[in-house]
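The values are calculated or read from the model by the stated rules, or taken from the named source; none is laboratory data. Predicted model, so just to flag it, every value in this text is computed and none were measured. Don't worry about glycine lacking a Cβ; one is built from the backbone with ideal geometry, like all the others, and counts go over all protein chains shown. For the accessible areas, the whole protein counts, side chains as well, though only heavy atoms, and no ligand, DNA or RNA atoms are used. Shrake-Rupley method; radii C 1.70, N 1.55, O 1.52, S 1.80 Å.
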Amino acid sequence: MITTAYLDSPLGLVALTGSDAGLSAISFHGTEGQTAMALSAVPACLQEVHRQLQAYFGHELREFSLTYAPEAGTEFQRQVWQALSGIGYGRTASYLEVAKRLNNPKSVRAVGAANGQNPLAIVWPCHRVIGADGSLTGYAGGLHRKKWLLEFEQPTRQGGLFG
């Protein structure tokens with residue numbers, strides 16, 4: 001049985017959808033500052049993703065270890081989504097680089113379209129895919145969230161010795 005739980009994140013309310021088979025969707029709902037259900041109200045099948053996302057937002061987790069069960073996606077889309085996991089925390093890749101990883105450099109637009117259909121925001125890090133010129137381009141959760149996620153994943157830069 002498919003069920004949904006919510007996580008209050010720095011990016012607003014995040015909906016987690018899944019079943020005993022695994023996580024099928026993560027999406028943004030509402031705006032920053034809305035409150036969500038307590039962890040005790042999260043169904044057992046979604047407690048681990050809930051815990052891992054809390055750890056991610058707490059700077060305690062960089063890679064997710066979850067069981068996935070997306071309900072949709074063509075073979076090509078699934079290949080793109082799989083390739084996203086190869087873009088490490090704090091790093092970015094262009095749509096062209098993702099297309100080249102798939103041995104299909106002419107599929108840049110299709111990679112962009114597949115990236116936009118990613119059902120598992122954050123855990124399949126489509127926010128790490130940027131334009132070839134370094135620009136932030138499309139993000140289903142909004143460009144302000146993409147920018148926030150990319151900045152959040154950057155290592156802390158040390159200031160001057162006394163400041």
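Of note, Ser107 does not satisfy the criterion of being over 28 Å from Met1 (Cβ atoms), assigned to a loop (DSSP other than H, G, I, E, B) and not aliphatic (A, V, I, L, M). For the stretch 1-30, the set of residues classified as in a loop (DSSP other than H, G, I, E, B) and open to solvent by less than 30 Å² (accessible area, probe 1.4 Å) consists of Leu11 only. With respect to (1) open to solvent by 20 Å² or more (accessible area, probe 1.4 Å); (2) within 15 Å of the chain's Cα centre (by Cα), the lone exception for Ala55 is condition (1). Among the residues of the stretch 110-129, is there at least one that is at positive phi and surrounded by 18 or more Cβ atoms within 10 Å (Cβ to Cβ)? Yes: one or more hits. Determine, yes or no, whether Thr74 is β-branched (Val, Ile, Thr) and under 21 Å from Thr17 (Cβ atoms). When the stated conditions are applied, Thr74 passes them. Taken over the stretch 15-33, the criterion of being modelled with pLDDT under 95 and of a type outside the set (Gly, Ala, Ser) is satisfied by Phe28, His29, Thr31, Glu32.
Across the stretch 130-158, the number of residues qualifying as aromatic (Phe, Trp, Tyr) and either open to solvent by 60 Å² or more (accessible area, probe 1.4 Å) or more than 25 Å from Ala55 (Cα to Cα) (or both) comes to 1. Residues in the stretch 59-73: is at least one at pLDDT 95 or above and assigned to a helix (DSSP H, G or I)? No, because not a single residue in the stretch 59-73 is at pLDDT 95 or above and assigned to a helix (DSSP H, G or I). Annotation note: of Gly86, Gly90, the sole residue that is under 17 Å from Leu120 (Cα atoms), at pLDDT below 95 and outside any helix (DSSP H, G or I) is Gly86.
If you take the residues in the stretch 71-109 that are buried (at least 18 other Cβ atoms within 10 Å of the Cβ) and aliphatic (A, V, I, L, M), which one is farthest from Glu60 (Cα to Cα)? The residue in question is Ala99. Leu61 - would you say it is in contact with a helix residue (DSSP H, G or I) (Cβ under 8 Å, 6 or more places away or on another chain) and free of Cβ contacts under 8 Å to residues at least 12 places away in the same chain? Taking the combined requirement at face value, the residue satisfies it.
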